[in-house]
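Q: Please find one structure pasted underneath; my questions will follow.
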Amino acid sequence: MTRSSRIIETEVLIIGSGAGGATTAAVLAEAGRRVTVVEEGPWIDPDAVEPFSIEEMVRKYRHHGSSAALGSPPIAYAEGRCVGGSTEVNSGLWNRLPDYLAEEWSRTYDIDEFSPTALDAYAERVESWQSVGKVPGAPPLSSALLERGAAKLGWRSVEFSRVFRYEAGVADATRGVKQTMARTQIPRAIAAGASLLPECRVVRLERKGPRIIGALCRQQTADGGPDEDVVVRADHVFVCGGAIQTPALLQRSGIRRRIGSGLKLHPTIKIAARFPHLLDHDSIPMHRVIEFAPNLTIGGSASRRGHIGLALADSGLDHEDALADWERMSVYYAAIRSEGSGRVRAVPGLRAPLVTYRLTDGDMSRLARGLVHLGELLLAAGATELHPSVEGGPVVRQTDELLQWWNRVDRTRSNLMTVHLTSSVRMGNDRSSTGADSFGAVHDFDNLRVNDASLLPDAPGVNPQAAVMTIALRNAEHFLASP
Amino acid sequence: MLAFERQLVAALTVAVDPEVRTGVERFVEGSLDDMPEFLRLGVIGESLVLSILATMARRDPRTVVQLLDRSPVALLRQYVRLFRSLVLFAELELGPTPNGTPGA
């Protein structure tokens, strides 16, 4: 602590304001606890920035969205960095944790009170807060094409729910308002008395034996002057910075046992598909093809002109003609559950942690299969030209050409990315494989908890926001019930 | 952003509108500055080596891009792909759409 530090006293310090942190803050503040939320990113009015735009990339993403897990191949990833975290920049798709995964994780990692029935009761409450539901009226064409392709092939597809609110009587899918944390749980927490410190980065936690006594932070000053040192003294600390930042902070604070290893993500391979008709570009398709789920899921991505350009450029082939026709194109993906795993390591002197990920040969094979299945589906849906995110392509126009992709998906030519990162501080009573107990309390500490995507013992195979919020509510209520 | 990187960005930018070109350069510079240090250090290392090689071989940035695109070394192809991705995304988002309306 420096002599000029500002000191804040609170009962519960919550670090991070994404799906886990904001839910925790709202539940604890409404229960009468004195809560302070610190968030590294800025507060940005959710209505001020166009979704998926370059401005969003600059203002709401960590590293402008340009980060990668090193490995062979490297995997690009993106995280939100603003009040509300990644809920401000994601698709808003909503998927409860599948029952069989809850049962499997409960058994494998010895997690208490983790039955599908128990989790469903929490999920129902979160869903009522978040206006979870299907789009009113017909889904956008870019989404309906997934359903159409699946139906032609006899594959199963589903329309996912989303966290969007619609005015009564509105039947236009594009007119919903995404219920991000900055619109829902953060205002709820503040209304119940919580304090929010945006643009405040926690440098490290301060320890005294098995207790955390507070956090040393640096907060940007409003007038653009030098950052101010802030010390937040707290009786209880919840770290909710997400699967990359949470283990990095714990490691910077000297807490390393089972922290940062076991990182999981959903490696994703893409296709820019050209159709003979115009497509919508304002929202992310809500249909998913689940014929091969949970190990392989097919869906749609953000498809503004810039995203289509990026996807076309991945093949390294000439794409000017396709790009000129971008209004008839959309980007789709195949995402796998990976056998491999990664690590997050805080490196002294560096602000960002080193992230690595190792894909197995089985993962590479699943990605190749995923790309071929995705191509099959898009051609069945009426696509006339497919550009894979694989160097050298080739561009495919007919089903019998798809097999050329099998041998092209390798470690040197595949361009992979992900937006789902989990499992870097696993939960469970099995101390040999977990960093926190069944309710997120970090092993060997009295008052330190994790409550975000880091706790999920494995990648769920779907957007993890529903699982993160459900588990965060469960853990927050367990904390309130604890002596 | 290093001088060589600035030249590379200029070579990859297709737009002629000076406002768009400036916006693209600013976006790429911001992205590089904001990158995790371990990635940025790797990119700087590659930029320095390529800058020296390009000067010695008297190659202009456009030729360097073509050579990197065809390189058998994946790391070099990834290097140019990084710059191309940043430039292309910014150019398409900031530039006018083909029907003449301003970009987003």
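The values are calculated or read from the model by the stated rules, or taken from the named source; none is laboratory data. Just so you know, these numbers come straight off a predicted model, no measurement behind them. With ideal geometry, Cβ positions are generated from the backbone for all residues, glycine too; neighbour counts draw on all protein chains shown. Calculation scope for accessible area: heavy atoms of the full protein, side chains included, ligands and nucleic acids excluded. Shrake-Rupley method; radii C 1.70, N 1.55, O 1.52, S 1.80 Å.
Results for (1) in contact with a Cys (Cβ under 8 Å, 6 or more places away or on another chain); (2) aromatic (Phe, Trp, Tyr); (3) in the same structural domain as residue A:10 (by TED's automatic domain parsing); (4) closer than 17 Å to residue A:452 by Cβ, shown as yes or no for each residue.
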position: A:185; (1), (2), (3), (4): no, no, yes, yes
position: A:205; (1), (2), (3), (4): no, no, yes, yes
position: A:211; (1), (2), (3), (4): no, no, yes, no
position: A:214; (1), (2), (3), (4): no, no, yes, no
position: A:217; (1), (2), (3), (4): yes, no, yes, no
position: A:226; (1), (2), (3), (4): no, no, yes, no
position: A:230; (1), (2), (3), (4): yes, no, yes, no
position: A:235; (1), (2), (3), (4): no, no, yes, no
position: A:245; (1), (2), (3), (4): no, no, yes, yes
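Q: What residue, among those in region A:340-363 that are assigned to a loop (DSSP other than H, G, I, E, B) and either open to solvent by less than 30 Å² (accessible area, probe 1.4 Å) or in contact with a helix residue (DSSP H, G or I) (Cβ under 6 Å, 6 or more places away or on another chain) (or both), is farthest from residue A:249 (Cα to Cα)?
A: Residues of region A:340-363 that are assigned to a loop (DSSP other than H, G, I, E, B), as a first pass: A:340, A:346-353, A:359-360.
Next cut, either open to solvent by less than 30 Å² (accessible area, probe 1.4 Å) or in contact with a helix residue (DSSP H, G or I) (Cβ under 6 Å, 6 or more places away or on another chain) (or both) only: A:340, A:346, A:350, A:352-353, A:359-360.
Details: A:340: 24, A:346: 8, A:350: 12, A:352: 10, A:353: 9, A:359: 25, A:360: 28 Å.
Restricting to residues being assigned to a loop (DSSP other than H, G, I, E, B) and either open to solvent by less than 30 Å² (accessible area, probe 1.4 Å) or in contact with a helix residue (DSSP H, G or I) (Cβ under 6 Å, 6 or more places away or on another chain) (or both), the top hit is A:360.
Q: Give me a count of the residues in region A:177-196 that are open to solvent by 10 Å² or more (accessible area, probe 1.4 Å) and within 19 Å of residue A:86 (Cβ to Cβ).
A: 8
Q: So which residues in region A:229-261 are within 24 Å of residue A:336 (Cβ to Cβ) and either surrounded by fewer than 23 Cβ atoms within 10 Å (Cβ to Cβ) or in contact with a Pro (Cβ under 6 Å, 6 or more places away or on another chain) (or both), if there are any at all?
A: A:260, A:261
Q: While we're here: Checking the condition in the same structural domain as residue A:193 (by TED's automatic domain parsing), charged (D, E, K, R) and open to solvent by 20 Å² or more (accessible area, probe 1.4 Å), which residue from A:62, A:33 passes?
A: The match here is A:33.
Residue by residue, here is whether (1) at the interface with chain A (Cβ under 7 Å from one of its Cβ atoms); (2) open to solvent by less than 20 Å² (accessible area, probe 1.4 Å) holds:
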{"site": "B:8", "(1), (2)": "no, yes"}
{"site": "B:36", "(1), (2)": "yes, yes"}
{"site": "B:48", "(1), (2)": "no, no"}
{"site": "B:82", "(1), (2)": "no, no"}
{"site": "B:87", "(1), (2)": "no, yes"}
{"site": "B:93", "(1), (2)": "yes, yes"}
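Q: Can you name the condition, by its number, that residue A:412 falls short on among (1) more than 14 Å from chain B (Cβ to nearest Cβ); (2) at pLDDT below 95?
A: Just one mismatch for residue A:412, condition (1).
Q: Could you check how many residues of region A:320-343 are out of contact with any strand residue (DSSP E or B) (no Cβ under 7 Å at 6 or more places or on another chain) and away from every other protein chain (no Cβ under 14 Å)?
A: Adding up the residues that qualify gives 2.
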